[in-house]
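Participant: Just dropping this structure here.
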Amino acid sequence: MTTEQQAENLATIQNPNQVEYTLETPVTVGGQTIEKITITKPGVMALSGVSLQDIYRSDVNALCQVIPKCTFPQIPREAMTLMDSVDLGQIAGYIIYFLMPKSQRVAINMQS
């Protein structure tokens, strides 16, 4: 059981460029069922070859290139067709959030 202070401490040390997400519909890849993933802020190399404008517009093809590079366990590009569209939209939202300046993130967090 976690005390209130422990919960506050965990929230304080949590990586602001990483979030854990539970898939609405688990994906099975190579015999492994993925129910929960960690989404990490994509770096420059993860975004290489993809237009940022396409990411901001939630272009499915662009997202299918980036998501495998910033999720753990990795959802391979070939398995993206198995992903529920709700999960795709939610993951896209996190990626777009990670690409925002800190000042915009703070404003969004304050609205939540």
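The values are calculated or read from the model by the stated rules, or taken from the named source; none is laboratory data. Quantities reported herein were computed from a predicted structural model and do not represent experimental measurements. FYI the Cβ positions are ideal-geometry reconstructions off the backbone, even for glycines, and counts take in every protein chain you see. Keep in mind that these areas ignore ligands, DNA and RNA; they rest on the heavy atoms of the full protein, side chains included. Shrake-Rupley method; radii C 1.70, N 1.55, O 1.52, S 1.80 Å.
Participant: Using r as the Cβ-Cβ distance of R77 and M110, and R0 as 30 Å, what FRET efficiency do you calculate, to the nearest 0.05?
Facilitator: On the way: r = 36 Å, r/R0 = 1.19.
Rounded to the nearest 0.05, the efficiency is 0.25.
Participant: About the Cα centre of the chain, what is the dipole size in debye to 20, counting +1 per Lys and Arg Cβ and -1 per Asp and Glu Cβ, all else neutral? List each step's numbers first, then the result.
Facilitator: Numbers: 7 positive and 10 negative charges, 84 e Å.
So the magnitude is around 400 debye.
Participant: Also: Give me the one-decimal nm value for the distance between modelled label points at E4 and E24, 7 Å along each residue's Cα-to-Cβ direction.
Facilitator: The two pseudo-label positions are separated by 3.5 nm.
Participant: Provide Rg over Rh for region 48-101; use the alpha carbon set for both Rg and the Kirkwood Rh (inverse mean inverse pair distance).
Facilitator: Details: Rg = 10.4 Å, Rh = 11.2 Å.
A ratio of 0.92.
Participant: Which residue fluctuates most in the GNM of the chain (Cα springs below 10 Å): V66, V19, V86?
Facilitator: V86
Participant: OK, next. Probe of 1.4 angstrom, ligands and nucleic acids ignored: what's the accessible area per residue over region 29-71, in square angstrom? Kindly include the intermediate steps, with their values, before the conclusion.
Facilitator: Details: 2370 Å² over 43 residues.
Computed with neighbouring chains in place, this is 55 Å² per residue.
Participant: Give me the one-decimal nm value for the distance between modelled label points at L88 and D59, 7 Å along each residue's Cα-to-Cβ direction.
Facilitator: For the pair L88/D59, the computed spacing is 1.5 nm.
Participant: Quote to one decimal, in nm, the extra length available between T38 and N15 on full extension: 0.36 nm per residue of separation minus the C-alpha distance between them.
Facilitator: Values: separation 23, 0.36 × 23 = 8.28 nm, distance 1.12 nm.
Net length gain for the segment: 7.2 nm.
Participant: Under the rule a/c < 1.5 gives rounded, and otherwise a/b versus b/c splits prolate from oblate, where does the chain land using the Cα gyration tensor? Show your work: numbers first, answer last.
Facilitator: Details: a/c = 2.10, a/b = 1.25, b/c = 1.68.
Since a/c reaches 1.5 but b/c is at least a/b, the shape of the chain is classed as oblate.
Participant: Could I ask something else about it? So, with a 1.4 angstrom probe, what is the percent of accessible area on the chain that is carbon and sulfur? Write down the numbers at each step before the final one.
Facilitator: Numbers: 3890 of 7380 Å².
Using a 1.4 Å probe with all protein chains present, the chain comes out at 53 percent carbon and sulfur.
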